[in-house]
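Only one structure is covered here, and it is reproduced in the block below.
Every number in this text was worked out from the coordinates using simple rules, so none of it is lab data. In this text the structure is predicted, and so the values were computed from the model without any measurement. Here the Cβ positions follow ideal geometry from the backbone for every residue, glycine too, while neighbour counts run over all protein chains shown.
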Amino acid sequence: MYKKSAATLASWVALMAGSAGWAYQVEDVRVEWWTGVGANQVLLVVDFWRGNGQSDSFAFGYHFSQSQITGFDLLNAVQAAGKGFSYAQTSGFLTDIWYVKNGVVYHSEGSWPASWWKYALSSDWGETWVDSEYGAGMRILYNGDTDGWVALPGDDWTSVPVTPIVGDMDCDGVVGFGDINPFVLALSNPAAYVQAFPSCSLYNADINGDGAVDLGDINPYVALLQG
């Protein structure tokens, strides 16, 4: 019955949502988990391979009480949480990152020139990026900053990390009416959604953050579209 009513549901969501302006807020980012304590917060975005979109890009959050931290402080804090994230560095250069989620090992080794990790910086929660001119040890983060790492092959130096966004079901970097039908598809036929949007993560539809994609995400999704 639910699958048959998918078109009706899509129409209902569109009618309820209305329209609103939209720009990235920290609540919009699909954060795997938060660690640390304090009033300040920053994000770490790791994109394991450019071109694969949000399907293999992950964000991690860190709270801290200091006035500032370094890029390596952020990496160390996320690694110390013991939730499947780890990295390696040699002589101050990041060379390897791993993330294990639901039994899947995401891993890209920085092995110049075949591949390497590019370091990018953002002050708007990963909506826009600039290339870092220095290493993680010299990078200073303040409340509201975001660090990004993207695994690049060869000399593809133009790519930037893809920030995973809650509700961005077509992975165009914007949450809007174009995401409604893919959202309904994700709820009604997850396998078909994964096939239709291989570069996206099904869990972008987990709007209420309970770890499941189901009917409980509909009302939060309407509220999200309303801004």
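All alpha carbon pair distances within the stretch 91-162 were sorted into 10 Å bins beginning at 0; the resulting P(r) in whole percents reads 19, 47, 31, 3. Between Ala88, Ala151, Ala186, where does the largest GNM mean-square fluctuation fall for the chain, given springs only between Cα atoms within less than 10 Å? Result: Ala88 has the largest fluctuation of those listed. According to the Kirkwood relation over distinct C-alpha pairs, the hydrodynamic radius of the chain is 18.3 Å.
Of all the options Asn102, Asn76, Asn181, the one that moves most in a Gaussian network model of the chain with Cα springs shorter than 10 angstrom is Asn102. Arranged from fewest to most other beta-carbon atoms within 10 Å of their beta carbon, Trp117, Trp112, Trp33 become Trp112, Trp33, Trp117. Placing a label point 7 Å from the Cα of Ser199 along the Cα-to-Cβ direction, the residues of the stretch 118-160 with a backbone N closer than 12 Å are 160.
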